[in-house]
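To start, the structure itself, in structure tokens.
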Amino acid sequence: METLPLIATAVGLVVSVSTTVLGGTKWLLHRVEQRFAQVDQRFAQVDQRFAQMDQRFAQVDQRFAQVDQQLRSVAESVTELKIAVARIEGPHPPFLIARG
């Protein structure tokens, strides 16, 4: 007589524990998926910012190329000026006293 209530209690206990565990697992997985969705959104925002930074770096590289070209033209002009001034001044006289 006592075996039937004992079996019913055991079955009820197994069913309630398994329901609790499965419900908790479902809740946990739902929370994890929500977190991953939030992380994916943040990664999308970061990817957009990286794309903007890549565009800025490309613009900066172009500007550096322009500045480099301008500096080279200035250096060429300075060299031409130095040569022109040296031609106007003429040759240097020889040193009479040796430096030392």
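What follows draws every value from the coordinates through simple rules; no lab data is involved. The model shown is predicted, which means the values in this text are computed figures rather than measured ones. All Cβ positions, glycine included, derive from the backbone under ideal geometry; neighbour counts span all protein chains shown.
Numbers for the structure displayed
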read-out	value
Filter pass, residue 96 being surrounded by 10 or more Cβ atoms within 10 Å (Cβ to Cβ) and either free of Cβ contacts under 8 Å to residues at least 12 places away in the same chain or in a helix (DSSP H, G or I) (or both)	no
Residue within segment 10-33 that is within 29 Å of the chain's Cα centre (by Cα) and not basic (Lys, Arg) present	yes
